[in-house]
1. For region A:1-66, what does the alpha-carbon gyration tensor say about shape, rounded, prolate or oblate, given a ≥ b ≥ c as the root eigenvalues, a/c under 1.5 as rounded, and a/b over b/c as prolate?
2. Using a basic spin-label model with each label point 7 Å from the Cα along Cα→Cβ, how many nm lie between residue A:90 and residue A:42?
3. For residue B:63 and residue A:25, what is the calculated FRET efficiency with R₀ set at 41 Å and r taken between the beta-carbons, to the nearest 0.05?
4. Ranked by Cβ crowding within 10 angstrom, fewest neighbours first, how are B:68, A:134, B:9 ordered?
5. Report, as an integer, the average count of C-beta atoms from other chains found within 10 Å of each Cβ along A:80-86.
6. For chain A, what does -39500 (n - 2.57) per DSSP helix run (n ≥ 4), summed and divided by total residues, give at 222 nm, in deg cm²/dmol to the nearest 500?
7. Sorting B:14, A:38, B:131 on the 10 Å Cβ count, fewest up front, what's the list?
8. By how many nm would the segment from residue A:52 to residue A:97 grow when fully extended, if each residue of separation counts as 0.36 nm and the alpha-carbon distance is taken off?
């Protein structure tokens, strides 16, 4: 199997097992200890990712990502997804609205060995706030 | 048409010539007549659609530049992560300019056919963009 095929399989596993099946225990197998997600704020390591998704799934227990496109080159994988979820649990200081969201996202990640070491997620957060009825941050 | 050819078109004709220099004629060379841009405000089609997009952007950001941070290509598809910089000096979506500088990450999905672009899908955080521009956020 080429490096690209292995990397795509590893990233696909993250979406199918960790995100869609909420299997947080698998995170250290797929995310390196020195992993950095270039978000604001940055998310560091498998512990950072575990904490991030733990919080997200408490507020959005049916968070689901359908992979629309996935392609790879060298040590990078690009994944385009459609995200659907319902806001049913408290998120930060915001009470759940019960509303649904459907939006698209792109994730670019770099792998070393079998694990993700660096990532970028680009999505329209405005679309999430508006669809879910969450007040916009100042 | 090869992966390397698709990347070269994006790097040179698309980014440098079309967007960064405003050379609209390049759109006729690299954009297919079947091209669809799935924008947040609706679809734009063909080389004329792209020329409209470039003109609107360069009107709002006369010093605007896209620079490529990452490019991932396989088969007929390319993903690009960009940094867009510019000063909001011209009207944008009917809104008067604020003179604010912007520095924003954008990502795109591109599909190629026969050496030309046939589809594009943009991704950016509109919330960050509106905040940087210093304009009110339109109601959802």
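Since every read-out is calculated from the coordinates, none of them should be taken as a lab result. From a predicted model like this one, the values you see are computed outputs, not experimental measurements. With ideal geometry, Cβ positions are generated from the backbone for all residues, glycine too; neighbour counts draw on all protein chains shown.
1. Verdict is oblate for region A:1-66.
2. 3.1
3. Working: r = 50 Å, r/R0 = 1.22.
It comes to 0.25.
4. B:68, A:134, B:9
5. Details: counts 6, 0, 0, 0, 0, 0, 0.
Per residue, the number of nearby Cβ atoms from other chains is 1 on average.
6. So the calculated ellipticity at 222 nm is -8000 deg cm²/dmol.
7. With the fewest neighbours first, B:14, A:38, B:131 line up as A:38, B:131, B:14.
8. 14.2 nm
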